[in-house]
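Asker: Here's a structure for you.
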Amino acid sequence: MALIHTCYRITDIDRSVAFYRALGFEERSRIPIRDEAINVFLHQPGDGDGPRLELTYNFGVESYEIGTGYGHIAITSPDLDATLEQLATQGIEPERPPYSIREGGSRICFVRDPDGYRIEVIERIPAGSIDQPGSGQSAT
């Protein structure tokens, strides 16, 4: 078994796709679901052939409640400051300035997409460090 993608329900396709493009995602395809919805599939370069993020736009739905069980997805950046500068030019600001959760750990910050979903941006650190994404060391 393998995790292949995450799905978010969105309220505005163009606004959401623009946000995720600003984070480095590339649109792979759009698939209509009868007359009910459109699925937009995205991935990041280096993710392989399959999409990693599915955005579902349901016709006639104006808002969603995220709920208390949702946390975040995480992406990496080789230079967090440069990434945040680039995002700022598109009106995307972090929830708070970058920080580390422990001494010597990766710097992280969170941004929110147009529907309020949180995305953790983790600055890559040198190979061989124990504080790599997926090591259980990131903030929740």
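Asker: Could you check segment 14-52 and list, in sequence order, the residues that are more than 15 Å from the chain's Cα centre (by Cα) and either in contact (Cβ under 8 Å) with a residue 24 or more places away in the chain or assigned to a strand (DSSP E or B) (or both)?
Answerer: Matches in segment 14-52: Arg28, Ser29, Arg30, Ile31, Pro32, Ile33, Asp35, Ala37, Ile38, Asn39, Gly50.
Asker: Suppose the filter is among the hydroxyl-bearing types (Ser, Thr, Tyr), over 22 Å from Arg124 (Cβ atoms) and touching a Leu at 6+ places or on another chain (Cβ under 7 Å); does Tyr20 pass it?
Answerer: So Tyr20 fails the test.
Asker: Further question on the same structure: In segment 57-68, which residues are more than 12 Å from Asp115 (Cα to Cα) and of a type in the set (S, T, N, Q)? Walk me through how you get there before you give the answer.
Answerer: Our first condition is that a residue be more than 12 Å from Asp115 (Cα to Cα); within segment 57-68, this holds for 58-61, 67-68.
Hits for segment 57-68 are Asn58, Thr68.
Asker: Name the residue, out of Arg30, Arg34, that is modelled with pLDDT under 95 and of a type outside the set (Asp, Glu).
Answerer: Details: Arg30 fails: modelled with pLDDT under 95.
Exactly one residue qualifies, and that residue is Arg34.
Asker: Among Ala2, Ala37, which is closer than 29 Å to Arg124 by Cα and of a type in the set (Gly, Ala, Ser)?
Answerer: Exactly one residue qualifies, and that residue is Ala2.
The values are calculated or read from the model by the stated rules, or taken from the named source; none is laboratory data. All values derive from a computational prediction rather than experimental measurement. All Cβ positions, glycine included, derive from the backbone under ideal geometry; neighbour counts span all protein chains shown.
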